[in-house]
Amino acid sequence: MCLTYDDGLDSHLDVAAPALDSFGIKGTFYCTGSSPSLHRRLGEWRALSTSGHELGNHSLFHPCDGARFEWVKPEYDFRTYSISQIKNELYTANTLLTAIDGKQDRTYAYTCSDFKVGGQIFIDSIRSLFYAARSDGPMAESIDKMDLHFVPSWGVVDPSGEDLIKYVKKAEEKGTMAVFMFHSVGGGYLNVSTKAHRELLTYLAENKNQIWTDTFINVMRYVKEVR
Ligand SMILES: [Zn+2]
């Protein structure tokens with residue numbers, strides 16, 4: 001099981017990480033390079049990594065497909081990006097994250113789960129930059145056939161604790177892995193409430209002998225090993 005948190009938000013430092021720490025669970029934080037929180041609270045983001053959580057690449061400027069989202073600025077619209085442009089951006093974001101946490105292996109979370117620039121798929125073009133990458137989409141039927149550079153996840157929007165736990169149980173039944181994609185925690189956009197988040201963590205902690213929860217990169221390392 002992987003708990004991932006996108007966009008480098010203050011609520012990750014203030015709500016999500018303290019909750020994870022109180023249960024001894026590690027998460028993955030896909031922090032955008034231009035995140036204001038990263039700018040203001042760099043030391044706290046570094047400390048997050050030192051305490052065992054993962055800092056992942058979520059680009060520098062969070063470019064997305066402007067046809068899907070109104071808020072995308074013209075200069076960060078994937079429709080007019082080139083493959084070399086996104087590759088350079090992700091490469092530079094890797095350097096930024098390494099300057100923060102000293103790590104070489106990095107995972108990526110597709111911004112808005114978009115994987116095309118100017119109509120061209122860039123998944124293969126960025127493979128060499130990352131150990132693995134997270135997308136969205138239905139839970140994998142098994143860990144055997146997953147493309148580790150396009151791992152599905154569930155982008156939650158105001159779920160109840162029960163919804164979240166149900167998803168974990170579904171993964172248990174299938175004998176596969178599940179990945180949660182969170183954004184705001186405890187108030188904000190694409191939110192998960194503090195209560196629902198805590199209920200999920202409580203379930204994972206109570207069942208830790210049956211359910212392994214770890215950072216995305218650690219789970220990916222295991223998947224590569226067992227294959
Ligand atoms: Zn994002």
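In this structure, LYS73 qualifies as within 16 Å of the ligand (Cβ to nearest atom), at negative phi and free of Cβ contacts under 8 Å to residues at least 40 places away in the same chain.
Restricting to segment 3-22, and then to whatever is of a type outside the set (Gly, Ala, Ser) and away from the ligand (no atom under 16 Å from the Cβ), can you tell me which residue is surrounded by the fewest Cβ atoms within 10 Å (Cβ to Cβ)? Walk me through it before giving the result.
So in segment 3-22, the residues of a type outside the set (Gly, Ala, Ser) come out as 3-7, 9-10, 12-15, 18, 20-21.
Filter once more, so that each one left must be away from the ligand (no atom under 16 Å from the Cβ): 13-15, 18, 20-21.
Values: LEU13: 18, ASP14: 15, VAL15: 22, PRO18: 10, LEU20: 25, ASP21: 15.
It comes out as PRO18.
Only one of the listed residues (SER59, SER37) is in a helix (DSSP H, G or I), in contact (Cβ under 8 Å) with a residue 12 or more places away in the chain, of a type in the set (Ser, Thr, Tyr) and within 14 Å of the ligand (Cβ to nearest atom). That residue is SER37.
Per-residue answers, yes or no, for (1) in a helix (DSSP H, G or I); (2) modelled with pLDDT of 95 or more; (3) aliphatic (A, V, I, L, M):
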{"position": "THR95", "(1), (2), (3)": "yes, yes, no"}
{"position": "ALA99", "(1), (2), (3)": "yes, yes, yes"}
{"position": "LYS145", "(1), (2), (3)": "no, no, no"}
{"position": "TYR167", "(1), (2), (3)": "yes, yes, no"}
{"position": "LEU190", "(1), (2), (3)": "no, yes, yes"}
{"position": "GLU199", "(1), (2), (3)": "yes, yes, no"}
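For SER184, state whether it is among the hydroxyl-bearing types (Ser, Thr, Tyr), more than 16 Å from the ligand (Cβ to nearest atom) and closer than 30 Å to PHE61 by Cβ. In short, no.
Here ILE25 clears all of (1) buried (at least 20 other Cβ atoms within 10 Å of the Cβ); (2) within 14 Å of the ligand (Cβ to nearest atom); (3) part of a loop (DSSP other than H, G, I, E, B) except the condition numbered (2).
The values are calculated or read from the model by the stated rules, or taken from the named source; none is laboratory data. Quantities reported herein were computed from a predicted structural model and do not represent experimental measurements. Glycine gets a Cβ as well: all are built from the backbone with ideal geometry, and neighbour counts include every protein chain shown.
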